[in-house]
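Let me begin by presenting the structure, written as structure tokens, before commenting on it.
The values are calculated or read from the model by the stated rules, or taken from the named source; none is laboratory data. Not measured: the values here are computed from a predicted model. When we count neighbours, we look across all protein chains shown, and the Cβ atoms used for this are built from the backbone with ideal geometry, even at glycine.
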């Protein structure tokens, strides 16, 4: 059974999907029991953000899938490939990562040389082999 409690915070569509999931093919037999709750939830979808699909071109989708697969493989192997650094782009990257602009441009397939030239500087190794603190 699906709850019908008064304080349920959901919308009609989500609640209906739960009814179908809970009762399977026989869900229509149970609809009279849930009728009042379904009517009460009607129109509540306006309380949440309306999600719309954003069209994305095929090359971008293919790049995202390739990076996802590469990340999964790297996690499985517990090592990274030096010639390809997989990324997992999250919204909060723009707030905490100094490479955000570069990463987004590379992910979109744009030329990143101007960004690298403008925003980054190359610095040599911090330690020489004799001074390597990690390997003594």
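Need pairs with beta-carbon distance below 8 Å; first residue exposed (fewer than 12 other Cβ atoms within 10 Å of the Cβ) and within the range 90-113, second modelled with pLDDT under 75; sequence gap 6+ or separate chains.
Hits for this filter: zero, empty list.
Looking only at residues in the range 45-59 that are in a helix (DSSP H, G or I) and modelled with pLDDT under 85, which one is farthest from residue 8 (Cα to Cα)?
Initially, the range 45-59 is screened for residues in a helix (DSSP H, G or I), giving 45-47, 58-59.
Pick out the ones that are also modelled with pLDDT under 85 and you get 45-47.
Details: 45: 13, 46: 16, 47: 13 Å.
Looking at the filtered set, the residue picked out is 46.
If we scan the range 42-58, do we find a residue that is touching a residue at least 12 places away in the same chain (Cβ under 8 Å), within 29 Å of the chain's Cα centre (by Cα) and under 30 Å from residue 104 (Cβ atoms)?
Yes: the range 42-58 contains one or more residues that are touching a residue at least 12 places away in the same chain (Cβ under 8 Å), within 29 Å of the chain's Cα centre (by Cα) and under 30 Å from residue 104 (Cβ atoms).
Taking residue 34, is it more than 18 Å from the chain's Cα centre (by Cα) and either surrounded by 14 or more Cβ atoms within 10 Å (Cβ to Cβ) or under 30 Å from residue 105 (Cβ atoms) (or both)?
Yes, satisfied.
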